[in-house]
Each structure stands twice: as structure tokens, then as C-alpha cells.
Amino acid sequence: MKVSILDDYFDTLRTLPCFARLAEHEVRIWNDHLEDEDRLVERLADTEALVLIRERTKIRASLLERLPRLQLISQRSVYPHIDVDACTRLGIVVSSDLHPGTPSYATAELTLGLIIAAARQIPQQMASLKSGRWQCGVGTTLRGKVLGIYGYGRIGRAVAEYSRAIGMEVLIWAREASCDRARADGWTVAKSKAQFFSASDVLSLHMRLVESTRHIVTAEDLARMKSSATLVNTSRAGLIEPGALLAALKAGRPGFAALDVYDEEPMPASDPLLQLDNLICTPHIGYVTREEWDLQFTDIFEQINAHAAGAPSNVVNPQVLSSSALRARL
């Protein structure tokens with residue numbers, strides 16, 4: 001198959017062991033990021049299988065309708081950036097392994113790193129040192145502090161386990177079934193959402209962004225947080241009510257935030273969040289490690305091989321397989 005891979009910024013994939021799985025295909029890798037639809041159409045004109053790196057490029061109906069040779073979109077995890085209905089209508093298979101039971105340990109590790117970096121003001125201390133000064137402030141010890149984990153899924157559970165190493169007290173808030181699992185694992189569950197936000201010294205978000213979780217963190221929730229507390233988000237920016245975090249950080253509750261995800265990605269340098277002194281941020285690198293990518297793209301490339309062999313796997317729009325519009329010859 002003619003395979004196109006978008007948004008591999010550092011040309012990493014061809015250096016990983018998993019890339020050998022595409023040996024039988026004609027592969028083109030693009031290292032830049034395009035928003036312009038006309039240029040994407042030109043770039044992908046002959047593409048039969050399109051590989052996406054998470055949500056870096058949005059795949060909408062207007063683009064899909066201009067790619068008549070496209071048979072397959074192969075990726076991993078959730079797919080809010082793909083117009084699945086349009087894919088089904090046009091006969092395009094969407095394969096996406098949701099990897100049940102397998103957390104992104106890379107994201108959990110980054111979460112812990114951001115928590116420590118915020119508590120000890122590591123970016124600010126580095127900037128102070130590089131500017132010719134010495135210390136720029138006094139940090140906070142995390143041992144004994146309350147780590148609130150909102151959402152007890154695969155990554156939330158891993159973060160809770162990692163926090164044991166630094167002696168934090170874990171407090172969970174989540175939907176009922178997840179709270180039951182947290183109790184069974186020996187963690188404390190908050191009495192209410194309000195108590196969860198007011199009690200946490202560090203509060204980390206670990207939920208998928210779906211309609212039921214969109215804007216689940218409100219301005220009222222943030223206002224309940226301590227002025228000394230830190231909000232951490234390595235999940236999705238859309239979990240927070242639009243504009244609420246910026247306003248809350250300006251008001252001082254919470255006093256700090258550490259972010260890896262944003263409403264607009266790549267994040268423009270003009271974003272007002274970047275003007276705040278009580279924020280540290282990274283450019284959505286939670287899942288961006290060589291080990292994590294090799295794991296993820298092994299699945300993604302095997303989905304291409306399965307499709308080429310006439311047996312599509314991890315299909316999120318299975319109705320397309322029996323549709324007269326199906327483009328693939330299975």
C-alpha cells in the first residue's frame with residue numbers, strides 16, 4: 001500500500017524497530033505540520049493508508065472527500081480529530097487500537113515530573129541561574145501533601161502508584177465505578193467533588209475527553225482550590241471550562257499550574273497563558289518517548305498489514321466493511 005505518515009516532527013519513526021513492519025509498503029513520511037487543506041490534498045493525493053500521530057492533524061469531511069484513493073486511516077487511542085461518519089460514508093476504514101488495560105507510562109512519568117518541577121520551581125530556578133543570578137525562590141516539599149487524582153483510569157492509577165515513591169497522600173475523585181476500583185486498590189476517595197478540589201495540594205486530571213467530561217472542571221471548582229495548590233493537566237485542555245484556568249491563575253486559586261495540553265496545538269506564542277509567571281508548560285510531550293512510540297506504532301503498522309491482508313483490525317466503524325462504498329478490496 002502507499003502509506004503516508006503525517007507530523008513526524010523529528011523523523012523519529014524510521015529509526016525505531018517497529019518501522020520494519022512497513023517493509024512491504026511504499027512509505028512517505030512528512031516532518032512538518034500543515035493546516036492548509038489544499039496543500040494536504042496535494043500531499044496525500046496518492047495515499048491509500050494514512051498514519052496519524054494522535055490529534056496533530058484534524059481529518060474532516062472536506063479533506064476526506066478530496067482523497068479518492070484513501071482506504072485506511074490507522075492510528076492509536078481515541079479519535080475526536082477524525083470525522084468517522086464521513087469516513088464511513090466514503091468507504092474509508094478507521095483502525096485505532098484503544099489498548100485497553102495498557103496505560104501510557106510515559107504520560108504518567110511526565111505528570112510526576114511536572115508535579116516535582118512545579119513544587120521546586122525547576123524551570124524558574126534554571127532561568128535564574130542562566131541569567132547570572134542564583135536562587136529565585138523557595139520551593140515546596142511534596143512528602144505528606146495531598147495529590148488529588150481526577151479520573152482513575154489507566155494513567156491515573158499509574159500516577160497514584162508513582163506518588164508512593166515520594167510519600168504523597170492520594171485522594172481520588174471519579175465516576176462511581178472508577179471510585180469503586182480506587183477503594184479496592186486501597187486509595188482514599190473524596191466525599192464530594194467540592195471537598196476533592198478544596199483538599200488537594202496538587203490536583204491532576206486524568207480523563208478522556210468525551211461529551212460527558214468536556215468542561216467538567218469549572219471556574220467554581222478552581223476557585224475552591226488553595227492559593228498554594230497546583231493544577232496539573234496532561235490529559236486534554238477541553239476538560240476545563242474555556243477561559244476558567246487563565247482567570248483562576250490570575251486570581252490566585254489555584255496558585256500554580258503545570259500543563260502539557262492546550263486548546264490550540266501547536267500553541268501560539270501569543271497565548272495569554274504563556275505570559276503567566278505561575279505556570280510551567282510543555283508542548284504536549286506526554287506520549288512522546290522513543291519507547292512509547294515504538295509500542296504505539298507497532299500496533300498502528302500492524303493495522304496496516306492486517307488491512308493489506310484483507311482482515312482489518314481494531315476497526316472503529318465496522319459498518320463500513322459491509323458497505324457498498326467500501327474502497328478496499330478485502
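The values are calculated or read from the model by the stated rules, or taken from the named source; none is laboratory data. As the structure is a computational prediction, the values presented were derived from the model and not from experiment. For neighbour counting, all protein chains shown are included, and Cβ atoms are generated from backbone atoms with ideal geometry for every residue, glycine included. Accessible surface is based on the protein model in full, side chains and every heavy atom, while ligands, DNA and RNA are left aside. Shrake-Rupley method; radii C 1.70, N 1.55, O 1.52, S 1.80 Å.
General remarks:
- Gained length - Val138 relative to Ala23, 0.36 nm times residue gap less alpha-carbon distance: 36.0 nm
- Alpha-carbon Debye profile of the stretch 56-109, log10 I(q)/I(0) at 0.23, 0.25 Å⁻¹: -0.87, -0.98
- Contact order normalised by residue count of the stretch 194-270, Cα under 8 Å, 6+ apart, percent: 33
- A convex hull fitted to the Cα coordinates of the stretch 151-226 yields 87 cubic angstrom per residue.
- Around the amide H of His215, modelled in the peptide plane, lie the amide H atoms of Leu239, Ile240, all under 5 Å away and 5 or more residues distant in sequence or on another chain.
- Choice from Ala184, Ala258, Ala160 showing the highest fluctuation, given a GNM over the chain with Cα pairs closer than 10 Å: Ala184
- With the simple model of a label 7 Å out from the Cα in the direction of the Cβ, Ala309 to Ser322 spans 2.4 nm.
- Set of the stretch 249-283 residues, backbone N closer than 13 Å to the point 7 Å along the Cα-Cβ line of Ser131: 277-278
- Residues in the chain average 48 Å² of solvent-accessible surface per residue, probe 1.4 Å, ligands and nucleic acids excluded.
- Residue-wise HN-Hα coupling along the stretch 99-105, computed from phi with Karplus coefficients 6.51, -1.76, 1.60 (Hz; x: Gly, Pro): 6, x, x, 10, x, 8, 5
- Percent of Cα-Cα distances greater than 16 Å, calculated over the stretch 1-104: 58
- Placing +1 on each Lys and Arg Cβ and -1 on each Asp and Glu Cβ, with no other charges, gives the stretch 5-85 a dipole about its Cα centre of roughly 300 debye.
- Computed with a 1.4 Å probe on the full set of protein chains, the accessible area for Ile285 sits at about 60 Å².
- Dividing the C-alpha radius of gyration of the chain by 2.2 N^0.38 Å, with N its residue count, gives 1.08.
- Note on exposure: Asp8, Asp97 ranked by accessible area (1.4 Å probe, complete protein assembly) read Asp97, Asp8, with the most exposed listed first.
- Residue-wise HN-Hα coupling along the stretch 220-225, computed from phi with Karplus coefficients 6.51, -1.76, 1.60 (Hz; x: Gly, Pro): 5, 4, 5, 5, 7, 6
- Candidates Trp187, Trp134, Trp173, ranked by Gaussian network fluctuation over the chain, Cα under 10 Å, top entry: Trp134
- Extension gain from Ser212 to Glu292, taking 0.36 nm per residue of separation minus the Cα-Cα distance: 26.0 nm
- Cβ-Cβ FRET estimate between Asp38 and His99, R0 fixed at 35 Å, reported to 0.05: 0.55
- The listed residues Asp36, Asp221, Asp277, once ranked by accessible area (1.4 Å probe) with the largest placed first, stand as Asp277, Asp36, Asp221.
- Scalar couplings 3J(HN,Hα) for the stretch 131-142, obtained by applying the Karplus form with A = 6.51, B = -1.76, C = 1.60 to θ = phi - 60°, are 7, x, 9, 10, 5, 10, x, 10, x, 10, 7, 8 Hz; x denotes Gly and Pro.
- Protein heavy-atom surface of the chain, 1.4 angstrom probe: 51% of the accessible area is carbon and sulfur, with nucleic acids and ligands not counted.
- Only Lys, Arg, Asp and Glu carry charge here, each on its Cβ (+1 for the first two, -1 for the last two); on that basis the chain has a dipole of about 920 debye about its Cα centre.
- Set against the 2.2 N^0.38 Å expectation for a compact globular protein, the stretch 187-330 has a Cα radius of gyration ratio of 1.40.
- Computed from Cα positions, the angle between helix 290-308 and the longest principal axis of the chain comes to roughly 30 degrees.
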